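A short worksheet on the structure shown next.
Every number here is computed from the coordinates shown, using simple stated rules; none is lab data. Note that the structure is a prediction, hence the values are computed from the model and not measured. Virtual Cβ from ideal backbone geometry, glycine too; neighbours counted across all protein chains shown.
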Amino acid sequence: MKVIFPLEPKAFKKHPKSAQRLGVMMLSAMLKSRGFKVELVKATVKDLSASLNQGEPTILAYSLVSQLAETILAVNKEIKQRFSVKSFFGGPHPTYYPELILEEGVDGICLGEGDFAIVDLVSRIRDGRDYLDVSNWHFKQDDRIIKNALRPLVEDLDTLPFADRDVMKNDYLNSIMTTRGCPYQCTYCLNAAYNRLYNYRSAKIRQRSVDHVIEELGQIKARFPRTFIAFLDTILPVRKDWTEEFAKKYRKNINLPFFCNIKTDITDRETIQILKEAGCHSIAIGVESSSEEIRKKLMKRKVTNEKIIEVANWIHESGIKLHTFNIIGMPQTSFFDDVETLKFNVSIKADYAVGSVLSPYKRTEIYEIAKSLNMLSTDSTFSRGKFTFHTIDYGSSIIKRKLLNLESIYAILVKYPFLIKNINFITKLPFTKFCALIFRIWTASVYRRELLPPYWLRKIREMTAKF
C-alpha cells in the first residue's frame with residue numbers, strides 16, 4: 001500500500017533555503033520502517049490525479065496547517081469526487097480545529113502525536129481490518145462521528161527512526177529536532193493548548209540522548225557535507241549538562257554551522273558561549289513585546305526587558321547573529337505599543353526581526369480574550385494568503401492596513417531605524433501587496449544570507465577573514 005502526502009506546491013520549489021516539512025519526514029520514516037511506500041505529491045488536482053491513476057492501493061495523508069486549510073480542502077473535495085480514496089488529516093490544524101471532521105471529503109482526523117497513530121491506521125486498512133477504534137483518530141462514518149481517546153505520548157524519543165531525508169532532500173539546509181514538549185503557558189501559543197489536550201502530560205520536555213542526535217547529524221553530514229543545520233526545538237539548550245555534552249560531541253563529529261532557539265529567562269552567559277564553541281551561527285529569541293506589563297499580563301511571559309537586553313548583549317559579544325520574534329496587533333494594545341517594540345528591537349541590535357500580526361488560534365487563551373472583547377473577525381484575507389481561522393477585528397481598515405504593512409517591513413525598519421520617524425505615513429499607504437513583495441525579497445536576501453548562509457558565502461567569509 002502507498003501513502004501519499006499531498007503538500008502545497010511551494011514545498012517542491014528547488015530553492016536552497018526551502019523549509020523542510022520535518023513532521024512529514026518523520027511520519028514517512030515510520031511508514032517506510034513498516035514496509036509502506038511513501039510519496040510526496042503536489043496538492044493540486046492535476047498532480048494527485050496523475051498519481052492516483054496508477055491504480056495502486058493508496059490513501060491520502062494530509063499534514064495540515066491552518067493557513068492552507070481552505071485551499072487543501074478544496075483540492076481534496078474535488079479529488080474525492082473523482083476517485084474512491086480515503087483522505088485523512090493530521091498536523092496542527094485538525095488537532096486544534098477537530099470540527100474539521102465535519103468537512104466534506106474528510107474521512108478522519110488525527111489529534112496529537114501521529115507517529116504510531118498513522119502506522120496503526122494504515123496497517124489496519126492494508127490488512128482489511130476495522131480501524132474505527134484506532135487511538136488519536138476521529139472518524140466519520142455515514143452520519144456518525146467516532147472519537148477515540150489519545151494514546152500515551154512517546155516517552156523515549158530515541159526509539160523513533162530518523163527523519164526520512166529521501167523524500168525532501170536539501171543540500172543546503174537540514175532541519176532537526178531534539179525535543180518534544182513545552183512547560184510554558186504563553187497565551188498565544190498552540191503549545192499551551194497542546195498541553196491542555198494531553199492534560200498537561202505533554203508539558204514535560206522529552207529530550208533525545210546526545211548520542212542519538214549526533215548519530216542522525218552524522219548521517220546528514222555524510223550525505224550533505226555543505227549543509228547548514230536548523231534546530232527547530234522551541235528551546236535547544238534545555239539542560240546545561242545535555243548542552244555541554246552536545247557541544248563537545250557536535251564540535252568534534254559534526255562541526256557544521258547551525259541555528260537554534262533559546263528562552264532568555266533560563267539562559268546564562270555560559271550557555272551562549274557553549275553554543276558558540278559548538279558552532280552556533282544564529283540564535284532566535286522571543287521578544288514579543290517591549291512592554292513588560294503586556295508580556296506578563298496578556299502573554300504570560302515573565303521575562304524582564306533587562307534580561308532580554310543582557311542575553312542579546314551576550315549573543316552579540318559571542319559573534320552570533322540575533323534573530324527576534326515579535327507579535328503586533330495584540331488585543332488591548334495600540335499601534336504605539338507595536339512601534340515601541342520595534343524601537344526596542346533596534347536598541348538590542350537585532351540582526352533580523354520578525355513582527356507578526358497576531359493570529360488568535362482557537363483553543364488558545366488569547367483567542368478567548370479576543371472573543372470576550374468581541375474582537376474576533378472572520379476576514380479570511382487579513383494576512384498574506386488565505387486563512388480559514390479568525391483574526392482580530394481592529395474596527396478600522398486603516399489600522400488593519402498599518403499592521404499589515406508594518407508586518408511586511410518590520411525587519412527593514414529595524415535594519416534602517418531612521419525610517420521609523422515616518423512610520424505612520426509609510427504604514428498608512430495603500431500598498432499592502434507591494435509591502436508583501438518587499439517582505440519576500442528581503443527575506444530571500446537578508447534573512448537567508450545573514451542567519452542561514454549558504455556554503456559558498458561561508459567560505460568567502462572565512463577566506464576574507466584571514467586578510
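General observations
- Here r is the Cβ-Cβ distance between H316 and D171 and R0 is 22 Å; the resulting FRET efficiency, rounded to 0.05, is 0.15.
- Label-point separation in nm, L153 to Q81, each point 7 Å along Cα→Cβ: 4.3 nm
- Taking only the C-alpha atoms of the chain, the Rg (one decimal) and the largest Cα-Cα distance, Dmax (whole number), read 22.6, 73 Å.
- Taken as Cα centroids, region 47-114 and region 408-457 sit 35 Å apart, rounded to the nearest whole angstrom.
- Computed from backbone phi with θ = phi - 60° and the Karplus coefficients 6.51, -1.76 and 1.60, the 3J(HN,Hα) list for region 315-327 is 5, 5, 4, 7, x, 8, 6, 10, 10, 10, 10, 9, 10 Hz; x is used for glycine and proline.
- Between I460 and K46, the modelled label-to-label distance comes to 3.6 nm, taking each label 7 Å out from Cα in the direction of the beta carbon.
- The slack in the chain from F12 to T304, taken as 0.36 nm per residue of separation less the alpha-carbon distance, amounts to 101.0 nm.
- The trypsin sites (Lys or Arg not before Pro) found in region 86-160 that occupy coil by DSSP, while having at most 13 further C-beta atoms within 10 Å, are R129.
- Under 29 Å from the Cα of K249 - lysines, other chains or at least 8 residues apart: K17, K169, K204, K221, K240, K263, K276, K321, K459, K466
- Distant-in-sequence amide H partners of V38 (H built 1.01 Å from N, under 5 Å): V3
- The chain, helix-only ellipticity at 222 nm - DSSP H runs n ≥ 4, -39,500 (n - 2.57), divided by all residues, nearest 500: -11500 deg cm²/dmol
- Around the amide H of S63, modelled in the peptide plane, lie the amide H atoms of G90, all under 5 Å away and 5 or more residues distant in sequence or on another chain.
- Per-residue ³J(HN,Hα) for region 234-250, Karplus 6.51 cos²θ - 1.76 cosθ + 1.60, θ = phi - 60°, Hz, x for Gly and Pro: 4, 9, 6, x, 6, 10, 4, 5, 5, 5, 5, 5, 4, 4, 5, 6, 5
- Each residue of region 148-155 was assigned a 3J(HN,Hα) from its phi angle through the Karplus curve 6.51 cos²θ - 1.76 cosθ + 1.60 (θ = phi - 60°); the sequence is 9, 5, 7, 7, x, 5, 6, 7 Hz, with glycine and proline shown as x.
- Fully extended contour minus Cα-Cα distance, from R129 to I146, at 0.36 nm per residue: 4.5 nm
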